[in-house]
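Everything on this sheet refers to the single structure shown next.
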Amino acid sequence: MPPNHRRRGALGCLAAATSILLALGTPASADINPGGINENGQYVATPTPQNSDALSPTMKKAEGDVLVFVKFKGQGAYEQTQPDEVLHNKQEPVKKQGEATSIKDQVENQARQAAQDSGAEIRYTVHNTMRGAALHGDAEKIRSLAARDDVERITPIVAKKSMNAYSDIDSKAVQAWAESTGYTGKGVKIAVVDSGIDYTHTDFGGPGTKEAYEKAKTLTDLPDADSGLIDRSKVVGGIDLVGDDYNALDAGSTPKPDNNPLDCRPEGYGTGGHGTHVAGTAAGYGVNADGSTFRGDYSKLTENDLKNMKIGPGSAPEAQLLSIRVFGCQGSSNVVMQGLDRALDPNEDGDFSDRANIINLSLGSEFSPADDPDSAMVDSLAQQGILTVTAAGNANEFNGVGDTYSDSGSPANAASSISVANANGTMSVSDQLKIVSPENGIPLDIIDGTFRDFKFIDGDYSLNFPLDKAPADKLTGYVTLAPERNRDGCKPFTPEEAEKIKGKWVMLDWEVDYTYKVNCSSAERFDHVAQAGGTGVLLVLKDYPAQQGFGGNATIPGFRINTAFAADIKPYVEAGTFKVEANEAYKKATHIPTRLDFGLNSMSSRGQHGTEGFIKPDVAAPGVDIFSASVGQGTEGVYNTGTSMAAPHVSGIAAQVMQAHPDYTPAMVKAAIMNSADTDLTNNAGSKYAVDRMGSGFVNAKKAVNAKVLVYDEENPERVSLSFGVLEYPLDGEDHTVTRNIVVRNMDSVAHTYELSYQYGPEIPGSSPWVPPLVTVEPGETVKVPITFSTYTPFLEKTIDPTLEKEQTAMAYVNGQYQPIISGKRQYIASVSGRILLRDANQDDREELIRLPVHAAPKPISTMKVQGSEIQFENGKATETTVKLAGQDVNQGGYRSMMGAFELGAASPRIPTENLDLPSSQSMDLQYVGAASDAPALKAAGQNPNDGKIYFGISTWGIWDSMHPGRQLQVTLDTNRDGKPDYNLEVGPEKGLDYPLVKVWKANGDTWEITNRYPLNGAWGDTDTNIMDTNVMVLGVPLKDLGLTADTASSIDYAVSTNTWSNAKAGGDYVDATEKISFNPFAPKVWFEGESAGVPGLFADRNGGEVKVHRVEGEKPSALFLHLHNGTGDLSGQNGAAGERAQVVPLSEQQQSSLPGPSEPTESPKDSSLPGPSEPTESPKADTSLPK
């Protein structure tokens, strides 16, 4: 079987498909009345039975020992016992300990009864946010609990993984402390749901000794205030739900909870230390230069004071911390939901006065859907007055390529959470390389025109060489220039060149000219230098600092510098007098100005783009090289980078806002932070990042705490941003408009009049929002302001966001280093992305703005159909006929309607949504499956049929935003029909390349290997095949890749199966699957010829076009047509609705009276020379001329 090449776990579709292929197993939807599919494979109206079963679909199929969450009916204790005033933060919680304790007892009693009935073990119970219990036991016995009338749902539990001084300056937190009457988060509690907190560190008021940490490790309870180990006014409570050894990835690992949530001392890579770093970023006191806790007045701190501190304060240095430990020292966790529940009542005494006001979640799962249960719990907490701040994600599962659609998963995609992107600030940390010779360093020009001697060069070390383990003689050396013919080191050096290189470091250029072309990897260059006897590499990069590190090799050290440093040292290198020393101690030794102030870190994950009706992330905050408390080190700190570091900075700002405005609800706090995020993030070219990559902007704490007028979406106030979603419009020449209201809410004591405008980001010709010019809000008033998004369809073009990487390369770890495996043009959608700006008309400062992100993704759609209800042949012997295409086609601005034609292999009824593990899994609920081959057409044209391809056309009952790693579809093939799978076609991207691929797996005995990769739908992203926000796809591979030739092949068997990460993690083998289907690629029952769309296997879907249909004499299969550019339509399955893209038409020998098709064809000139694939258009596009 293919290896598990995703750290988050394989989907298991191949196993499922293989078993179906071999055993002719029943499809996942077989328990549903198949009467919705007629004998021709068409979907017809039939009643859909409603299944109220409490078992999730994965629970129905689970076997053996499982860990599940049994949700009991009824409200959680907090919601049931507290009045609305408490839930909306208008008063403190009321004392209802007796009632809350009674609910707790009731839940625990229910859990004991459920465990006794099923022979299961209770892992934990929850009762504050919702009622339920985690049980571990035999799946068959646990299923019996569904018969209990107090059980609402039984679902397998899915594991989750864990994901400052200059930060306070950049985000203006220091100004909020000093200039906004001293808002420091005082009186606000932040729950850090993570790996624990080292409360003995001086950043949290602890004694700051390693001995104190070791003593604290021996305790099972949080120390008392007089223990000398903890400042209980800072770390006010907490719970360890798991223990050091817990790791959900280990099937035998069980939580060992206690009341001492002390963080782990990390040994190598792990989650240990993560929570301490996060807590310090949010609410650390700060550490003075001498290692003592800062106990001074924050309102008097200056920027210079901060720079001179050992560890800067957190953004809310006087907020209190709750340590909710859900991770052991390594691995992932299954108890995040329990941790969220305990944030409402950390000591579980039924008194909610110790609840958290803010929860920080620097954890999550990439590509997980917006309806993940953790996201639902975050939204439930928001309704109960608790704000959650989440990390947007670092694309850890995608080689750190954050510019990947929908990479940011749960819980960052919870609508109510503040999802935080990772931005660079004005300064970044830098490694240093020591100058040994000249002895006094070299004179460098300072900004003010003066010179001073520098003894270190700023830059960064190669990642693969172990500086800490290398002997001293391998870390020093004189530097020489590479020969002119091989300045980048991408060619092997000659013996003559090697004589000059031997025993020296070699200075190489990363790019050889100003085209910025890179000819090879750093590993190849380092290997060439090492083979020539060189002892190190000095790599010169034109654009420095770089967004990502570089590997080099494990043999020789390397250091990367910019061209300015290179020019300064070149005379010394040429003279042979320049000697350097590398050292582990010189890593992250200084700060340097960033190449681009307020840029976005390349790892920061792109979020939702409107498919579900909203966008993420929400804001950006400092997350690069954040220096915060290090666990077990007393007074020391450590640098970390990631959205895990950006999120707690925003948690601290949220605490400041709550202190300033205690009556604000979570949605209002979120609006204050987003409305005031007034700095745009830009890429190297100066283009602004879109809101689905960075949110509203870079946070501004000072403005957030002063925000008394809030602006947000009326329909979905918890989202704040205004998203019109993905809009599908036919090319009818009309101006289409949609209007949504935003709310301007004045919490100030004076009236405000605002001038409204729209700040453009990525654009589409003919599409833009319209905003009224003025709005006035009186004190305490709420005004609705209509925002109209207009789209004039004749002008629509497929423009590309200028910050997107147009071409990407997938990398894989091979033989100890990363190697490129495939490159291609990435997928993308055209979008209109910007911000509504409100300027106070009565203020002199024209830069004081309120900002609201706006996003829409309009695209043209076709309305094409194959005309007629049947494909008619004259008689039983006729083998050829023609069908016509009718409807409105698309051919403008990079869009061109295309169609695939197939021999229908299977039709599957719609699975009721309530029978799926999550509603989003409907996207992998199979609808139609078909196969086609162009081998017969090649043979008819006198060409070699063995050069042909086989194509599989598939439609589903739900749309997908993109075919990312969270979804998987596989076609398993038995090419010799011996009952064993020979090949597997897997749909999914490779890490680093945001485009779904068809990966060809070949069976070699008991192992599998990938033999080739092809773009899904047969084209890369520079040709639009409507690959995103759709429910149809085409998999095409050469017949030769499957070992099929006209001489040896007859019929083959294939089966299709699908899955999602959420379903797989919960134990499901597949979402849906077909039985075995037979198909002959060289003599199919039906095959097609027609006008090519310029993409292999696809026809031009053009009004008035014709497709010639061939069949085997006497055969009457059904044909499946996939109209790739049609609109989505109604996929509910009700009253025969099956959407607009998939069309099944049966073949008939009966001569019948002419039946009208969906629309009558319109005469149009037949153009057989359609334009080729168009390049994406940079937005904004000035040329709006219509195509002829």
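Sub-6 Å Cβ pairs linking a first residue in segment 758-780 that is surrounded by 12 or more Cβ atoms within 10 Å (Cβ to Cβ) to a second residue that is of a type in the set (Phe, Trp, Tyr), at least 6 apart or interchain, are Pro765/Phe795; Gly766/Tyr792; Gly766/Phe795; Pro769/Tyr758; Pro769/Phe789; Val771/Tyr758; Val775/Tyr754, ordered by first then second residue. Of the residues making up segment 100-133, those that are part of a helix (DSSP H, G or I) and β-branched (Val, Ile, Thr) number 3.
For Met645, the requirement of being within 20 Å of the chain's Cα centre (by Cα), within 30 Å of Glu211 (Cβ to Cβ) and not in a strand (DSSP E or B) is met. On the stretch given as segment 584-605, residues that are assigned to a loop (DSSP other than H, G, I, E, B) and either modelled with pLDDT of 80 or more or aliphatic (A, V, I, L, M) (or both) total 4.
Can you pull out every residue in segment 917-961 that is among the acidic types (Asp, Glu), over 30 Å from Ala1046 (Cα atoms) and modelled with pLDDT of 95 or more? Show your work before the answer.
Initially, segment 917-961 is screened for residues among the acidic types (Asp, Glu), giving 917, 925, 934, 947, 961.
Among the residues that remain, those that are also over 30 Å from Ala1046 (Cα atoms) are: 917, 925, 961.
The one that is among the acidic types (Asp, Glu), over 30 Å from Ala1046 (Cα atoms) and modelled with pLDDT of 95 or more: Asp925.
Please verify whether Pro648 is surrounded by fewer than 23 Cβ atoms within 10 Å (Cβ to Cβ), in the same structural domain as Ala415 (by TED's automatic domain parsing) and of a type outside the set (Gly, Ala, Ser), treating the condition exactly as stated.
Spelling it out, it is not the case that Pro648 is surrounded by fewer than 23 Cβ atoms within 10 Å (Cβ to Cβ), in the same structural domain as Ala415 (by TED's automatic domain parsing) and of a type outside the set (Gly, Ala, Ser).
Only one of the numbered conditions (1) more than 26 Å from Ile359 (Cα to Cα); (2) hydroxyl-bearing (Ser, Thr, Tyr); (3) crowded, with 23+ Cβ neighbours inside 10 Å is not met by Ser604, and that is (1). Here's a check for you: in segment 1027-1057, which residue that is assigned to a loop (DSSP other than H, G, I, E, B) and not small (Gly, Ala, Ser) is modelled with the lowest pLDDT? It comes out as Thr1048. Being under 24 Å from Ala901 (Cβ atoms) and of a type in the set (Ser, Thr, Tyr) is a property that does not hold for Ser962. Scanning segment 1097-1117 for residues that are under 30 Å from Thr1023 (Cβ atoms) and of a type in the set (D, E, K, R), which turns out surrounded by the most Cβ atoms within 10 Å (Cβ to Cβ)? My answer is Asp1101.
Among the listed residues Pro981, Pro965, identify the single one that is part of a loop (DSSP other than H, G, I, E, B) and in contact with a Leu (Cβ under 7 Å, 6 or more places away or on another chain). Step through it out loud before you land on a result.
Numbers: Pro965 fails: in contact with a Leu (Cβ under 7 Å, 6 or more places away or on another chain).
Going through Pro981, Pro965 in turn, just one is part of a loop (DSSP other than H, G, I, E, B) and in contact with a Leu (Cβ under 7 Å, 6 or more places away or on another chain): Pro981.
Count of segment 381-415 residues, restricted to those that are modelled with pLDDT of 90 or more, surrounded by fewer than 24 Cβ atoms within 10 Å (Cβ to Cβ) and of a type outside the set (A, V, I, L, M), is 3.
Quick grid of which residues meet (1) modelled with pLDDT of 95 or more; (2) buried (at least 21 other Cβ atoms within 10 Å of the Cβ):
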| residue | (1), (2) |
| --- | --- |
| Lys215 | yes, no |
| Gly243 | no, no |
| Pro257 | no, no |
| Thr271 | no, yes |
| His274 | no, yes |
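Within segment 348-357, can one find any residue that is at pLDDT below 80 and either closer than 27 Å to Val188 by Cβ or not in a helix (DSSP H, G or I) (or both)? No - not one qualifying residue is present in segment 348-357. Counting just the residues of segment 656-680 that are buried (at least 24 other Cβ atoms within 10 Å of the Cβ) and touching a helix residue (DSSP H, G or I) at 6+ places or on another chain (Cβ under 7 Å), which one comes out farthest from Ser380 (Cα to Cα)? Selected residue: Ser676.
Yes/no per residue for (1) within 22 Å of the chain's Cα centre (by Cα); (2) under 27 Å from Gln759 (Cβ atoms); (3) modelled with pLDDT of 85 or more:
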residue	(1), (2), (3)
Glu612	yes, yes, no
Ala620	yes, yes, yes
Val624	yes, yes, no
Asn640	yes, no, no
Val650	yes, yes, yes
Val657	no, yes, yes
Met674	yes, yes, yes
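For segment 949-961, enumerate the residues that are small (Gly, Ala, Ser) and surrounded by fewer than 24 Cβ atoms within 10 Å (Cβ to Cβ). Residue satisfying the conditions is Gly958 alone.
Of the residues making up segment 461-477, not one is touching a Ser or Thr at 6+ places or on another chain (Cβ under 7 Å) and among the acidic types (Asp, Glu). Yes or no: Asn1126 polar (S, T, N, Q) and modelled with pLDDT of 95 or more? So Asn1126 fits the description; yes.
Over 14 Å from the mean Cα position of the chain (by Cα) and closer than 30 Å to Val814 by Cβ: which single residue out of Gly953, Gly988 fits that description? Being over 14 Å from the mean Cα position of the chain (by Cα) and closer than 30 Å to Val814 by Cβ holds for just one of Gly953, Gly988, which is Gly988.
The values are calculated or read from the model by the stated rules, or taken from the named source; none is laboratory data. Source: prediction; values computed, not measured. Using ideal geometry, Cβ is built from the backbone for each residue, glycine included, and neighbour counts are taken over all protein chains shown.
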